[in-house]
Amino acid sequence: MLIEFNGKRQLLTGPQPLARLLDNNQAKPPFAVAINGRFVPKGQYASLYIKEGDRIEVLAPMEGG
């Protein structure tokens, strides 16, 4: 199944929870995640499964002002 992770296409072998996708892509906390433009609470990472065509963005906090 084809998804987009931080602007790059990825081919997954089948459904998987968001937590596994984050681990496989070596996401390092702290970060926030949006799927198809919607924020995903951290408590849902293990139970939310990625679907064909999903666009996942991992956003790290930025300092400055």
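The values are calculated or read from the model by the stated rules, or taken from the named source; none is laboratory data. Note that the coordinates shown come from a computational prediction; the quantities given were computed from them, not determined experimentally. Using ideal geometry, Cβ is built from the backbone for each residue, glycine included, and neighbour counts are taken over all protein chains shown.
So the values come out like this:
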quantity	calculated
Failed item in (1) surrounded by fewer than 16 Cβ atoms within 10 Å (Cβ to Cβ); (2) touching a Leu at 6+ places or on another chain (Cβ under 8 Å), with Pro41 passing the rest	(2)
Qualifying positions in segment 36-49 - over 21 Å from Lys8 (Cβ atoms) and either part of a loop (DSSP other than H, G, I, E, B) or in contact (Cβ under 8 Å) with a residue 40 or more places away in the chain (or both)	Pro41, Ala46, Ser47
Top-ranked residue in segment 23-32 [being of a type outside the set (D, E, K, R) and either part of a loop (DSSP other than H, G, I, E, B) or without any contact (Cβ under 8 Å) to a residue 24 or more places away in the chain (or both); ranked as surrounded by the fewest Cβ atoms within 10 Å (Cβ to Cβ)]	Gln26
Qualifying residue in segment 38-48 (condition: in contact with a Gly (Cβ under 9 Å, 6 or more places away or on another chain) and not β-branched (Val, Ile, Thr))	no
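Conditions tested, residue by residue: (1) surrounded by 13 or more Cβ atoms within 10 Å (Cβ to Cβ); (2) basic (Lys, Arg); (3) at pLDDT below 95; (4) not in a helix (DSSP H, G or I).
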residue: Glu4; (1), (2), (3), (4): yes, no, no, yes
residue: Thr13; (1), (2), (3), (4): no, no, yes, yes
residue: Leu21; (1), (2), (3), (4): yes, no, no, no
residue: Ala34; (1), (2), (3), (4): yes, no, no, yes
residue: Lys51; (1), (2), (3), (4): no, yes, no, yes
residue: Met62; (1), (2), (3), (4): no, no, yes, yes
